[in-house]
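Below is one structure, written out as structure tokens; the observations come after it.
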Amino acid sequence: MKNLTELFKENEGKRAIGSFNVHCLEMLPAMIEGAKELNVPIIIQTSPGTAEYIGLDLLVSSIQTLSERNNADVCLHMDHCTDIEVIKQAIDTGYTSVMYDGSSLPLEENIKNTKEVVAYAKERNVSVEGEVGSIGGAEDGVVVSEEDAIYTDPKDAYQFVQETNVDAIAVAIGTTHGLYKSKAKLNFELLEELSKNLTNAGLVLHGGTGVSETDMRKCVALGMKKVNVGTELNKSYIDNVNSAFSQATPLTSLRKLFIPANQHIKEIVKEKSELFQLV
Ligand SMILES: [Zn+2]
């Protein structure tokens with residue numbers, strides 16, 4: 001298993017790395033197989049809620065098994081965690097990367113807490129993603145509109161990266177978590193400026209579900225290093241199990257009901273990873 005810094009270095013000039021939210025253990029093998037079929041690395045990320053549901057130890061051991069079985073580059077990342085104790089537990093259990101989200105706090109407090117996480121993580125070869133200025137929306141499939149989008153203040157971002165020494169930073173350039181009613185309007189000038197000045201920390205795109213393919217390619221070309229994909233996997237899984245289970249009887253083989261849903265997860269991972277390629 002690898003951390004973000006290793007993946008950023010190995011993939012410089014080649015691609016942004018897809019970071020996919022695992023929502024249940026059932027879909028996990030398909031995610032890593034999808035990346036393997038394209039021979040690209042994959043970041044598997046968990047919300048603190050999913051991590052609690054599946055269990056940190058089970059996630060770590062499953063991903064170790066699957067990365068060895070497929071001989072794939074896999075990073076296990078904790079997404080949007082506001083609890084430093086949970087982050088330390090994840091690191092101690094074997095996560096290779098964590099995100100401390102202090103974006104709802106005043107900047108000084110966010111910096112102070114992020115520094116504490118970085119100090120703990122770096123000693124253990126674990127990478128840290130931070131966030132300045134909230135990206136907005138919600139993780140669980142909420143419908144949002146363009147007016148909800150907000151933008152990272154470059155000055156805050158530079159100060160944050162310089163003082164915390166994070167490996168990656170979530171930036172808001174017009175995307176919002178959840179399902180967009182229409183396509184997002186992105187601020188590419190801001191992205192260029194951030195990318196030019198934040199050379200020590202990889203830029204992370206959150207809330208990419210509403211971004212068009214053309215805009216996504218532009219984001220990667222302009223320097224996004226990690227792109228999160230969450231809502232789309234959640235939605236696809238529910239659509240597929242809804243249609244499979246609606247025709248099932250108690251005598252139907254349960255596993256057969258999950259196979260189409262898993263297959264679609266693999267397809268999304270492959271489609272997105274293809275989109276994030278630079279060459
Ligand atoms: Zn996010």
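Bear in mind that the values in this text are calculations on the coordinates, not laboratory data. Please read all numbers here as calculations on a predicted model, not as lab measurements. Note that we place each Cβ from the backbone using ideal geometry, even for glycine, and neighbour counts take in every protein chain shown.
Overview of results
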read-out: Magnitude of the charge dipole, region 207-248, Cβ model with Lys/Arg +1 and Asp/Glu -1, debye to 20; value: 240
read-out: Distant-in-sequence amide H partners of GLN45 (H built 1.01 Å from N, under 5 Å); value: PHE20, ASN21, VAL22, HIS77
read-out: Candidate aspartates and glutamates for bridging to LYS185, where Cα separation is under 14 Å - those fewer than 8 sequence places away on the same chain excluded; value: GLU146, GLU147, ASP148, GLU213, ASP215
read-out: Set of aspartates and glutamates with alpha-carbon distance to LYS88 below 16 Å, sequence-local pairs under 8 removed; value: GLU52, ASP57, ASP79, ASP101, GLU116, GLU123, GLU129
read-out: Acute angle (nearest 10 degrees) that the helix 84-93 long axis makes with the longest principal axis of the chain, alpha-carbon atoms; value: 60
read-out: Shape metrics for the chain, restricted to C-alpha atoms - Rg then Dmax, Å; value: 18.0, 61
read-out: Cα-based radius of gyration of region 151-206 once divided by 2.2 N^0.38 Å, which approximates compact folds; value: 1.17
read-out: Region 228-258 versus region 44-76: alpha-carbon centroid distance in Å; value: 21
read-out: Helix-only CD estimate at 222 nm, as mean residue ellipticity for the chain, using -39500 (n - 2.57) per DSSP H run (n ≥ 4); value: -15000 deg cm²/dmol
read-out: Acute angle (nearest 10 degrees) that the helix 56-70 long axis makes with the longest principal axis of the chain, alpha-carbon atoms; value: 80
read-out: Set of lysines with alpha-carbon distance to LYS272 below 16 Å, sequence-local pairs under 8 removed; value: LYS14, LYS36, LYS218, LYS225, LYS226, LYS235
